[in-house]
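Take a look at the following structure, please.
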Amino acid sequence: MMPTPEHRAEPGADHSLQAREPDRRQALSEIEPIPVRVQFEAVPPANAWGQGGWKLVSVEPGDAQDPLQIRLFRDEAQGYYLNVTTPEPSIFVLWREQDGLAKAIDITLSYDEAGRWLDGGEAVDRVPMPEEMCAWLTEYVQLHYQPETRRKRRGAKPSFMRAEEFEAMVQREKETFSPSASQPPTGKRHDG
């Protein structure tokens, strides 16, 4: 359910009060980045010949010195929508192994952005999103996500060619490429 404006403009009404009130949509479009800390846990090898790995354990609130920050961008609203409408909304972390340790490189709440990272061959893990953050992200989505409208086609569906044209082409192909005892080879096609 999309939110409705709190105040509707009426013809001849005094708009001075509306001008002084902050626009909620504008307020949520300029959100300060949220610093976070990411923690990984070493995973022992499954057998004597295997290698160990890393497991994303948590994403927790950080302070201003932490290099990773959750940022929201309006053009990622569809990715946020896809995330909050899944059975388990998540925080996605792009990470790489550096000097034998797991290092978080980037973080997102966008399902689409995480998918692009995976498509690019990056290591991406997720942790469940806290309920408070999910409510906050849902509000952002309600204010900024606009589903794409499908354009309705008018008239007949486009096709490669009309049935008559197709039949004529098939006939030409048969005449050109079918071997015939009465005609010498045309040199256009050689089987063998």
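Tell me which residues, restricted to segment 45-62, are part of a loop (DSSP other than H, G, I, E, B) and within 19 Å of LEU109 (Cα to Cα). First the steps, then the outcome.
Filtering segment 45-62 down to residues part of a loop (DSSP other than H, G, I, E, B) leaves 45-52, 62.
GLY62 - this is the single residue of segment 45-62 that is part of a loop (DSSP other than H, G, I, E, B) and within 19 Å of LEU109 (Cα to Cα).
I'd like the full set of residues that are assigned to a loop (DSSP other than H, G, I, E, B) and touching a Leu at 6+ places or on another chain (Cβ under 9 Å), limited to segment 123-152. Don't jump to the end; show me each part of the working.
If we filter segment 123-152 for residues that are assigned to a loop (DSSP other than H, G, I, E, B), which is where we start, we get 129-130, 145-152.
Scanning segment 123-152 gives a single hit, MET129.
From the set of residues in segment 36-82 that are touching a helix residue (DSSP H, G or I) at 6+ places or on another chain (Cβ under 8 Å) and of a type in the set (D, E, K, R), which is surrounded by the most Cβ atoms within 10 Å (Cβ to Cβ)? First the steps, then the outcome.
Quick first cut of segment 36-82, residues touching a helix residue (DSSP H, G or I) at 6+ places or on another chain (Cβ under 8 Å) only: 72, 74, 76-82.
Now drop any that are not of a type in the set (D, E, K, R), which leaves 74, 76.
Numbers: ARG74: 14, GLU76: 19.
By that ranking, first place goes to GLU76.
Can you name every residue in segment 134-162 that is small (Gly, Ala, Ser) and either at pLDDT 80 or above or surrounded by 10 or more Cβ atoms within 10 Å (Cβ to Cβ) (or both)? Walk me through it before giving the result.
Within segment 134-162, the subset small (Gly, Ala, Ser) is 135, 155-156, 159.
ALA135, the sole residue that qualifies.
How about segment 66-122: which of its residues are within 25 Å of VAL43 (Cα to Cα), part of a loop (DSSP other than H, G, I, E, B) and either of a type in the set (Asp, Glu) or over 15 Å from the mean Cα position of the chain (by Cα) (or both)?
Passing the criteria: ASP66, PRO67, LEU68, GLU88, ASP99, GLY100, GLY121, GLU122.
Here is a yes/no grid of residues against (1) of a type outside the set (Val, Ile, Thr); (2) out of contact with any helix residue (DSSP H, G or I) (no Cβ under 7 Å at 6 or more places or on another chain); (3) surrounded by 18 or more Cβ atoms within 10 Å (Cβ to Cβ); (4) at negative phi:
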position: VAL84; (1), (2), (3), (4): no, no, yes, yes
position: VAL93; (1), (2), (3), (4): no, yes, yes, yes
position: GLY100; (1), (2), (3), (4): yes, yes, no, no
position: ALA104; (1), (2), (3), (4): yes, yes, yes, yes
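Of the residues GLY100, GLY121, which is more than 16 Å from VAL59 (Cα to Cα) and modelled with pLDDT of 95 or more?
Working: GLY100 fails: modelled with pLDDT of 95 or more.
Step by step, each of GLY100, GLY121 is checked, and only GLY121 is more than 16 Å from VAL59 (Cα to Cα) and modelled with pLDDT of 95 or more.
The values are calculated or read from the model by the stated rules, or taken from the named source; none is laboratory data. As the structure is a computational prediction, the values presented were derived from the model and not from experiment. Here Cβ is always computed from backbone atoms with ideal geometry, including for glycine, and neighbour counts include all displayed protein chains.
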